[in-house]
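What follows is a short report on a single structure.
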Amino acid sequence: MRRRRLLTWNVLVPLLLLVPVLTSGAAAAHRAVVVAVFVVFFGAYGSCIPLIRDGMSGWAEKVLLTGYGGRRWLTERTLASTAIDWVQLLPAHLVLVALIDAPVDLATAILGLTALALLFANLLGVVVAAGVRALGEAALGCAVLSLFALHAAGVFRTPEPGSWWAAVEAWNPLRPLHETWLVVLGGDVVPSAGAGLPVLVLTVAVALVGFFGSGLAGRIARTGSG
């Protein structure tokens, strides 16, 4: 709330980009792709770039030197970042579901699945931040990892039934959001495997980042000296 200019931009940009696209006459599949890509990039960059800046400024190292604990700091920071992203995207989502007259159940599902997708994207941002040493590397790493995750979720293509790509898609935490937007926008949707498997994968991912949190936080803290 103290950084009101940044908050304003992060609320307005999704509105300015997504509303014209989703209310256009473009094919449902294309509009759903735009939403999925935007949400994942929003979460990944929103998590990674501030972490890199914390490392470069020495703030991350100062936090760790207090004895607060890298695992605790990184876990709490990731959850907070995810919550902030969701709040900043909420106005855009409310406007969108109203403009396209989405059913209440699907609109509610979109809000919940957006939170899951943002959490997964924020975790991707943490992994990238721990593996790079500059903002340029972070930007490239987030783009590559996010696009690969979206591809694995079936956002850009439909895998052959029974293939290993189809199995990967069924487990991907980004798939439910993409499929739900396809349904809302009236597109052709492959029968869904439900959200149970993606939630399980996301739970494991959160646990792994928490387990390796001390090492990841240490790498981020050394960014400024790398």
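Brief remarks on what is shown
- Here the spin labels are modelled as points 7 Å beyond Cα on the Cα-Cβ line, and at residue 203 and residue 164 they lie 2.7 nm apart.
- Of the chymotrypsin sites (Phe, Trp or Tyr not before Pro) found in the range 54-102, the ones in coil according to DSSP and having at most 15 other Cβ atoms within 10 Å of their Cβ are 68.
- Here the relative contact order of the chain, from alpha carbon pairs under 8 Å that lie six or more residues apart, stands at 34 percent.
- For the range 1-102, applying the loop criterion from DSSP together with a ceiling of 14 other beta carbons within 10 Å to the trypsin sites (Lys or Arg not before Pro) yields 2, 3.
- Once the Cβ-Cβ distance of residue 5 and residue 214 is raised to the sixth power relative to R0 = 45 Å, the FRET efficiency obtained is 0.85.
- For the range 92-133 and the range 1-47, distance of Cα centres in Å: 10
Since every read-out is calculated from the coordinates, none of them should be taken as a lab result. In this text the structure is predicted, and so the values were computed from the model without any measurement. FYI the Cβ positions are ideal-geometry reconstructions off the backbone, even for glycines, and counts take in every protein chain you see.
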